[in-house]
Amino acid sequence: MNSAVLESSVWLNERAHHIEQVLERLLPASDAQPARLHQAMRYAVLGGGKRVRAALVYAAGYACAAHPSPETERALDLAAAAVELVHAYSLVHDDLPCMDDDTLRRGKPTLHVQFDEATALLAGDALQPLAFDWLAQMPIDAARIVQATQVLARAAGSLGMAGGQAIDLDSVGKTLSREALQTMHLLKTGALLSASVRLGGLAAAVTSAQGQALEDYASAMGLAFQVVDDVLDVTADSAQLGKTPGKDAAANKPTYVSLMGLEGAQLFARQLHEQARQAIVPLGASGHLLADLADFIVLRNH
């Protein structure tokens, strides 16, 4: 394994374990009524995933506050957990028969397969508002809580993730320009990744100079993540991905590989990787975790 990926994987695994514990503690208990709904919510959120979005929250926070206070650590935990809830809800809904109709997610049956379609719909519905409940509990000043709420709401809504998904559904069987494809993915995937970086900064009282570096980094990495996903969809198997490979091609969806070819998409990912690393140069040594995550996102094989 590439040494850069190995180093970033160690920290990412540590953060994944940490946020798993946070989520385990914060989510409603499986025997709390309505028990079946809470069991479904926990099934959707716990026990899988790379937790890249949570890691971006922490990495951005530590870039802004090298020695975070207990209050800052608590704020980062709540922000990272909130992002993971929104991401989990989006996966549950994306996998439904009326959307991508998938049966495998994170190496296990999708929620509507494990439970039923109505329960999956309700679990997704319940996870999204819970994310904002957790943001409201961050021990930071009220103005930053309002900013954080707006950041996550806009990233998840019609001008972000949901809007990108709508464009994706409308694009099946169509040939998109590179600009149109980029717009779709900046909303569908990039918006929540970018929000993760911004939330980490807000939790750690980001300065304006730090904020600009984080914004530039997030823009590049939000897009790079999707480009690499498109590449892996045609180069990795289901054991590596934890989900069904080749779904986009089978559904005749436009991707960076279908538009640019495999080599072109791989080159574009490398260019975005370099842009992200250059963006955080002003942060100095405090940005090293963000640099490590950029390495992981672009150089990963799953």
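The values are calculated or read from the model by the stated rules, or taken from the named source; none is laboratory data. Every value quoted in this text rests on a predicted model; they were computed, and no experiment measured them. When we count neighbours, we look across all protein chains shown, and the Cβ atoms used for this are built from the backbone with ideal geometry, even at glycine.
This table checks each residue for (1) closer than 30 Å to residue 216 by Cβ; (2) surrounded by 24 or more Cβ atoms within 10 Å (Cβ to Cβ).
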{"residue": "63", "(1), (2)": "yes, yes"}
{"residue": "92", "(1), (2)": "no, yes"}
{"residue": "99", "(1), (2)": "no, no"}
{"residue": "117", "(1), (2)": "no, no"}
{"residue": "122", "(1), (2)": "no, no"}
{"residue": "126", "(1), (2)": "no, no"}
{"residue": "134", "(1), (2)": "yes, no"}
{"residue": "144", "(1), (2)": "yes, no"}
{"residue": "149", "(1), (2)": "yes, no"}
- Inspect segment 197-216 for any residue being crowded, with 24+ Cβ neighbours inside 10 Å and closer than 25 Å to residue 258 by Cα and give the result as yes or no. no
- Query: Looking at segment 48-55, is at least one residue crowded, with 24+ Cβ neighbours inside 10 Å and of a type in the set (A, V, I, L, M, F, W, C)?
  - Reply: yes
- State all residues of segment 92-116 that are under 30 Å from residue 75 (Cα atoms) and either without any contact (Cβ under 8 Å) to a residue 40 or more places away in the chain or not in a loop (DSSP other than H, G, I, E, B) (or both); if no residue qualifies, say none. 92, 93, 94, 105, 111
- Going by the structure shown, is residue 68 surrounded by fewer than 17 Cβ atoms within 10 Å (Cβ to Cβ), modelled with pLDDT of 90 or more and not aliphatic (A, V, I, L, M)? no
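Does segment 76-86 include one or more residues that are at pLDDT 95 or above, surrounded by fewer than 21 Cβ atoms within 10 Å (Cβ to Cβ) and of a type outside the set (Asp, Glu)? First the steps, then the outcome.
Step one: list which residues in segment 76-86 are at pLDDT 95 or above, which gives 76-86.
Still in the running and surrounded by fewer than 21 Cβ atoms within 10 Å (Cβ to Cβ): none.
So far as segment 76-86 goes, no, none of its residues is at pLDDT 95 or above, surrounded by fewer than 21 Cβ atoms within 10 Å (Cβ to Cβ) and of a type outside the set (Asp, Glu).
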- Return the pairs, sorted by first residue and then second, in which the second residue is among the hydrophobic types (A, V, I, L, M, F, W, C) and not in a helix (DSSP H, G or I), the first residue lies in segment 7-25 and is at pLDDT 95 or above, the beta carbons are less than 9 Å apart, and the residues are 6+ apart or on different chains. 20/46; 23/46; 24/46
- Looking at segment 92-114, is at least one residue among the basic types (Lys, Arg) and farther than 13 Å from residue 44 by Cβ? no
- Message: Just to check your reading of the model, which residue among 192, 199 is among the aliphatic types (A, V, I, L, M) and either outside any helix (DSSP H, G or I) or within 15 Å of residue 159 (Cα to Cα) (or both)?
- Response: 192
- Item | Some residue of segment 164-172 being modelled with pLDDT under 95 and outside any helix (DSSP H, G or I) | yes
- Which residue pairs have Cβ atoms closer than 9 Å, lie 6 or more positions apart in sequence or on different chains, and pair a first residue in segment 117-146 that is within 16 Å of residue 198 (Cα to Cα) and free of Cβ contacts under 8 Å to residues at least 40 places away in the same chain with a second residue that is not in a helix (DSSP H, G or I) and not aliphatic (A, V, I, L, M)? 145/137
